[in-house]
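I have placed the structure first, in the form of structure tokens, so that the comments after it can refer back to it.
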Amino acid sequence: MRRLFLTISLATISLGMMAQDITVMHTDSAVTVPADRTNPEFKGGQKALANFLSKNLRYPDAAADYGVEGSVVMTFVVGVDGSLSNISAHDCKIERFNTTKFSQEAESRQKELKKQFALLFAKEGARVIRKMPKWTPGTLNGKAVRVKFDLRISFIDPNK
């Protein structure tokens with residue numbers, strides 16, 4: 001069974017109210033939430049989320065051929081009932097690849113491959129987000145609200 005190492009960046013919160021939505025931005029620092037607001041949470045917390053992702057996320061075979069590693073930020077909305085919607089990917093980055101194999105390709109082909117791998121990572125991230133069970137919704141003043149959530153997923157070559 002292939003192992004997939006992934007990184008989940010969940011932390012610093014920036015709350016902004018627009019039409020009963022809370023925008024939550026996550027980085028690698030500690031989370032601080034005012035007492036009247038709570039963030040949505042994967043049932044079981046961050047450890048359960050990491051476990052879910054490690055069991056369900058698949059490293060694309062095409063990326064393994066080139067030893068490609070990268071990350072993608074998945075954005076989605078956690079609804080008042082905990083359902084996930086408006087799933088999108090942004091900030092797709094290719095961070096490493098097998099330079100020996102990659103350098104054998106023409107420069108235009110290298111650019112094309114990088115775009116293809118970023119798209120593969122984005123599609124896989126979206127597939128896994130769609131597969132997630134409902135989350136515990138975020139609240140504001142004790143009332144469930146829709147929350148925009150960013151989740152960074154890193155893809156590391158399992159053959160390394």
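A few notes on this one:
- The GluC sites (Glu not before Pro) found in region 94-146 that occupy coil by DSSP, while having at most 16 further C-beta atoms within 10 Å, are GLU105.
- For the set LYS101/LYS131; LYS47/LYS111; LYS47/LYS123, the pairs lying more than 27 angstrom apart at their alpha carbons are LYS101/LYS131; LYS47/LYS111.
- Efficiency of FRET between GLN116 and LYS43 - r from beta-carbon atoms, R0 25 angstrom, step 0.05: 0.15
- Part-to-part distance (alpha-carbon centres) for region 69-89 and region 99-160, which is given in Å: 10
- Annotation: extensible slack from SER108 through LYS131 equals 4.8 nm (criterion: 0.36 nm per residue apart, minus Cα-Cα distance).
- Unit charges on C-beta of K, R, D, E only; dipole of region 66-121, Debye: 220
- Summarising the amide proton neighbourhood of GLY44: residues at separation of 5 or more, or on other chains, whose placed amide H is nearer than 5 Å comprise an empty set.
- Karplus-based coupling profile of region 103-108, in residue order and whole Hz: 5, 6, 8, 5, 4, 5, with θ = phi - 60° in 6.51 cos²θ - 1.76 cosθ + 1.60 and x standing for Gly or Pro.
- Cut-off 19 Å (backbone N to label point 7 Å along Cα→Cβ of LYS160), residues of region 68-97: 68-73, 92-97
- Once the 1.4 Å probe is applied to the protein heavy atoms, region 31-160 comes out at 53 Å² accessible per residue.
The values are calculated or read from the model by the stated rules, or taken from the named source; none is laboratory data. What you see is a predicted model, and the numbers here were worked out from it, not measured in a lab. Counting neighbours? That spans all protein chains shown, and the Cβs are built from the backbone with ideal geometry, glycine included. Each accessible area value is taken on the protein alone, full model and side chains, heavy atoms only, with ligands, DNA and RNA left out. Shrake-Rupley method; radii C 1.70, N 1.55, O 1.52, S 1.80 Å.
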